[in-house]
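Step one of this worksheet: look at the structure below.
The values are calculated or read from the model by the stated rules, or taken from the named source; none is laboratory data. The structure displayed is predicted, hence computed values, not measured ones. FYI the Cβ positions are ideal-geometry reconstructions off the backbone, even for glycines, and counts take in every protein chain you see.
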Amino acid sequence: MKINKLYVFLIALALVAPTVVYPVFLMKVLCFALFACAFNLLLGFVGLLSFGHAVFLGTGGYVTGYLMIETGISPELGVLAGTAAAAVIGAIYGKLAVKREGIYFAMVTLALAQLAFFFYLQAPFTGGEDGLQGVPRGALFGLIDLSDNSAMYYFVLAIFLFGFWLVHRTIHSPFGQILKAIRENEPRAVSLGYNVNDYKWAAFVISSALAGMAGSTKTLVFQLASLTDVHWHMSGEVVLMTLLGGMGTIFGPVVGAGVVVTIQNYMSGGELGNYIHIIMGVIFIVCVLAFRSGIVGEFQKLMKKNFG
């Protein structure tokens, strides 16, 4: 019951947030929060570290951007198309990667992501280094003009809430319990008769689809799809967001994404802008060494210790 009240409070807070904070900044946080939640499903609850998750973020963005520019489809269909494309790429990459474990899985995902990066660099429909610029936001269901930032914010919020709900439902389902069992003791899961690779693959596809949804939404918000979204730096950033917020927690990726985006937003325009990557690296090192459970994880430990 307490959790339900917490969710209601957070949703109410999100609904009124645009009256206090710049909507575009909030939309950026929500897009990266969804991306981090998708990644956390794979890392935090299955134990699979992907170094190439940016490919799904970028794929969703490119597909949505291209369709919005060339065909003028509605934004909801554009997001669905980007999500589906990322899911297809995830299904293919997942089949190749889940047969490997540990660092070998991570290296396979990185190699496949780099292949995709160079493909998008050369492909004619991506705009190369210039990217897809001037992507129209369109009208939601043909009725609501998304060029208005307030309307766009609530559309992004609805997408984020759906993605968050899907991750939450997946984690707390029988399927999610099996994923946790695989993370904790894979040989035991195999001995119980579960086809471990199939469960890993299904989780990989869900994670890829949600990452693509985040990329599609981000492209509509900023009206731009670029190589930045498929670069390995982006894959590193989502790892940082997840670890900083709290790997294997529900709200950790959201908090981590909020902290990272806030730091980047307020430091990139100042004198420290040239050192932003160094600063993020130091934060990552401190997090790994001193706060291994992340912000949310450490908070939960503190609450359990004092009030549990």
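Is one or more of the residues making up the stretch 136-149 under 16 Å from G61 (Cα atoms), of a type outside the set (V, I, T) and part of a helix (DSSP H, G or I)? Scanning the stretch 136-149 turns up no residue that is under 16 Å from G61 (Cα atoms), of a type outside the set (V, I, T) and part of a helix (DSSP H, G or I). Among the residues of the stretch 67-83, those that are part of a helix (DSSP H, G or I), under 24 Å from G128 (Cβ atoms) and not β-branched (V, I, T) comprise L67, M68, E70, G78, A81, G82.
Would you pick out the residues in the stretch 1-23 that are touching a residue at least 24 places away in the same chain (Cβ under 8 Å) and either surrounded by fewer than 16 Cβ atoms within 10 Å (Cβ to Cβ) or touching a Pro at 6+ places or on another chain (Cβ under 7 Å) (or both)?
Start the filter on the stretch 1-23 by keeping residues that are touching a residue at least 24 places away in the same chain (Cβ under 8 Å), which leaves 11, 14-15, 18, 23.
If the condition is that a residue be touching a residue at least 24 places away in the same chain (Cβ under 8 Å) and either surrounded by fewer than 16 Cβ atoms within 10 Å (Cβ to Cβ) or touching a Pro at 6+ places or on another chain (Cβ under 7 Å) (or both), then I11, L15 are the ones that fit.
Within the stretch 183-210, residues that are modelled with pLDDT of 95 or more reach partners that are of a type in the set (S, T, N, Q) with beta carbons closer than 7 Å, at six or more positions or on different chains, in the pairs I206/T170; A209/T83.
Considering only residues that are of a type in the set (A, V, I, L, M) and crowded, with 24+ Cβ neighbours inside 10 Å, look in the stretch 226-242 and name the one that is nearest to the chain's Cα centre (by Cα).
Going through the qualifying residues, I end up with V238.
Does G58 qualify as being closer than 12 Å to G215 by Cβ, of a type in the set (G, A, S) and touching a Gly at 6+ places or on another chain (Cβ under 8 Å)? Against the criterion (closer than 12 Å to G215 by Cβ, of a type in the set (G, A, S) and touching a Gly at 6+ places or on another chain (Cβ under 8 Å)), G58 qualifies.
Out of all the residues in the stretch 94-114, which are part of a helix (DSSP H, G or I) and β-branched (V, I, T)? Of everything in the stretch 94-114, those that are part of a helix (DSSP H, G or I) and β-branched (V, I, T) turn out to be I103, V108, T109.
Taking every residue in the stretch 261-290 that is within 18 Å of F25 (Cα to Cα) and surrounded by 13 or more Cβ atoms within 10 Å (Cβ to Cβ) and pairing it with any residue that is among the aromatic types (F, W, Y) and modelled with pLDDT of 75 or more, at least 6 positions away or on another chain, the pairs with Cβ-Cβ distances below 8 Å are V261/F25; V261/F32; N265/F25. Count of the stretch 126-142 residues, restricted to those that are surrounded by 13 or more Cβ atoms within 10 Å (Cβ to Cβ) and farther than 11 Å from L227 by Cβ, is 7. Consider A38 carefully, then state whether it is touching a residue at least 60 places away in the same chain (Cβ under 8 Å) and crowded, with 24+ Cβ neighbours inside 10 Å. For A38, the condition - touching a residue at least 60 places away in the same chain (Cβ under 8 Å) and crowded, with 24+ Cβ neighbours inside 10 Å - is met.
Among the residues of the stretch 40-66, which ones are of a type outside the set (G, A, S), farther than 19 Å from E129 by Cα and assigned to a helix (DSSP H, G or I)? Before the answer, list the steps.
Kept after step one, since they are of a type outside the set (G, A, S), are these residues of the stretch 40-66: 40-43, 45-46, 48-49, 51, 53, 55-57, 59, 62-64, 66.
Right, trim to farther than 19 Å from E129 by Cα and you get 40-43, 45-46, 48-49, 51, 53.
Passing the criteria: N40, L41, L42, L43, F45, V46.
The set of residues in the stretch 197-226 that are part of a loop (DSSP other than H, G, I, E, B) and over 14 Å from C31 (Cα atoms) contains only S226.
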